[in-house]
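The values are calculated or read from the model by the stated rules, or taken from the named source; none is laboratory data. These figures come from a predicted structure and were not determined experimentally. Please note: Cβ atoms are built from the backbone with ideal geometry, for glycine as well, and neighbour counts cover all protein chains shown. Accessible surface areas use protein heavy atoms only, side chains included; no ligands, DNA or RNA. Shrake-Rupley method; radii C 1.70, N 1.55, O 1.52, S 1.80 Å.
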Amino acid sequence: MSETTTRVAVFGAGTMGHGIAQVCAAAGFAVQVCDPSEAAREKGLAGVRASLDRMVAKAKLSAEQRDAALGRIGWGGDVGAAVDGADVVVEAVPERVELKRELLQRVDALAPATALLGSNTSSLSITELGAALRDPSRLVGLHFFNPVPVMELLEIVRGVRTAEAAVDRALAFAAALGKTPIVVRDMPGFATSRLGVALGAEAIRMLEQGVASAEDIDRAMELGYRHPMGPLRLTDLVGLDVRLAILDHLHREVGEQFRAPPLLRQMVRAGKLGKKSGEGFYKW
Ligand code: 3HC
């Protein structure tokens, strides 16, 4: 893949999109980030810059490598221009099935027929997203984790109509990015989000019931179970809106155990989305 992939298009400049763009650029690929919002593109660029600066400060990267990576990323709002000549396309737009399906249909029509298409969905069905495509065999789940430059895993999701060759290309893409892949079946929430939101939702229910403070619930899992970050702080990092969307989807697809806690829904309605909005279970 590293020999044949030279151009990557990333849709969505948000938390995940700009992180994905960063790791692709750091791996030497030319990257086009596409987002209709200029403000989102500016915020995305600032996020990439801050993360690369942090790596330079930690001597994980030289200033020249940082500048070269930044120079490999182009930012724009036009779908056709973004996918022009792309070898790999990764969509990381908000977790809404219609939005992703519509975008993937446009990408399918405009991208080179040979391009691998990946969705960074946290939980939605790759089979369903692929159903409207002319060529569903080239769509895989490419599920990255936040913060993308730090987290080692790439969860590759095989839809019912995904070709084996597409999975092989996704595995090679993971290797080129320095990520460790797992390949999972297309089931709601895959191997990661299903367990991740189960813990997060239970922590929110415990907060609702006054079991302990947010800080102490988090401390319990950090010190008692050695999680790097407690489930409420992690929900802030991921985004409360993202976790609510995953829970609502799993509730419909899997069952009652995934009913979203009312507190989570209220906080999302109040715009308390976590780190990205400045407030969630914590102030950031
Ligand atoms: N860019 C570059 N480097 C970063 C970074 C970033 N955005 N964020 C952290 N780092 C680096 C730091 O510089 C530091 O480097 P060092 O080891 O050389 O000192 C290292 O990562 C650790 O960071 P910190 O010392 O600041 O803090 P922590 O040790 O607390 O680690 C963390 C921070 C990596 C975020 C850690 O708390 C963690 O792993 N948390 C859990 C994250 C997680 O579970 N993510 C998955 C969420 S689910 C998801 O994303 C799926 C989606 O579909 C919703």
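A residue that is away from the ligand (no atom under 16 Å from the Cβ), under 11 Å from A13 (Cα atoms) and surrounded by 14 or more Cβ atoms within 10 Å (Cβ to Cβ) occurs somewhere in the range 40-56. Of the residues making up the range 234-284, those that are of a type in the set (K, R) and either part of a loop (DSSP other than H, G, I, E, B) or under 12 Å from A201 (Cα atoms) (or both) are R243, R259, R265, K272. Among the numbered conditions (1) surrounded by fewer than 23 Cβ atoms within 10 Å (Cβ to Cβ); (2) over 19 Å from R194 (Cβ atoms); (3) not aromatic (F, W, Y), the only one that L153 does not meet is (2).
Flag: L237 matches the condition of being in contact (Cβ under 8 Å) with a residue 60 or more places away in the chain, near the ligand (Cβ under 9 Å from one of its atoms) and within 13 Å of Y282 (Cβ to Cβ). Please specify each residue of the range 9-34 satisfying the condition of being open to solvent by 20 Å² or more (accessible area, probe 1.4 Å), modelled with pLDDT of 95 or more and either more than 13 Å from the ligand (Cβ to nearest atom) or polar (S, T, N, Q) (or both). If the condition is that a residue be open to solvent by 20 Å² or more (accessible area, probe 1.4 Å), modelled with pLDDT of 95 or more and either more than 13 Å from the ligand (Cβ to nearest atom) or polar (S, T, N, Q) (or both), then A27, G28, A30, Q32 are the ones that fit.
If I filter the range 256-274 for residues that are acidic (D, E) and in contact with a Lys or Arg (Cβ under 8 Å, 6 or more places away or on another chain), do I get at least one hit? Checking the range 256-274: not a single residue is acidic (D, E) and in contact with a Lys or Arg (Cβ under 8 Å, 6 or more places away or on another chain). Of the residues making up the range 178-200, one or more are closer than 22 Å to Q32 by Cβ and at pLDDT 95 or above. Among the residues of the range 222-267, just one is open to solvent by 60 Å² or more (accessible area, probe 1.4 Å) and under 18 Å from the mean Cα position of the chain (by Cα), namely R233. Scanning the range 68-86 for residues that are loosely packed, with under 13 Cβ neighbours inside 10 Å and more than 27 Å from R106 (Cβ to Cβ) yields one hit, G71. Against the list (1) of a type in the set (A, V, I, L, M); (2) without any contact (Cβ under 8 Å) to a residue 12 or more places away in the chain; (3) away from the ligand (no atom under 11 Å from the Cβ), the condition V167 fails is (2).
Determine which member of the set S119, S137, S125 is touching a Gly at 6+ places or on another chain (Cβ under 7 Å) and among the hydroxyl-bearing types (S, T, Y). Going through S119, S137, S125 in turn, just one is touching a Gly at 6+ places or on another chain (Cβ under 7 Å) and among the hydroxyl-bearing types (S, T, Y): S119. Reported count of residues in the range 117-128, each being more than 15 Å from the ligand (Cβ to nearest atom) and either closer than 28 Å to P228 by Cα or crowded, with 23+ Cβ neighbours inside 10 Å (or both), is 1. Out of everything in the range 183-200 that is hydrophobic (A, V, I, L, M, F, W, C) and within 21 Å of M229 (Cβ to Cβ), what residue ends up being most open to solvent (accessible area, probe 1.4 Å)? This residue is L195. Could you list, in sequence order, the residues of the range 129-150 that are β-branched (V, I, T) and open to solvent by 40 Å² or more (accessible area, probe 1.4 Å)? Of everything in the range 129-150, just one residue is β-branched (V, I, T) and open to solvent by 40 Å² or more (accessible area, probe 1.4 Å), namely V150.
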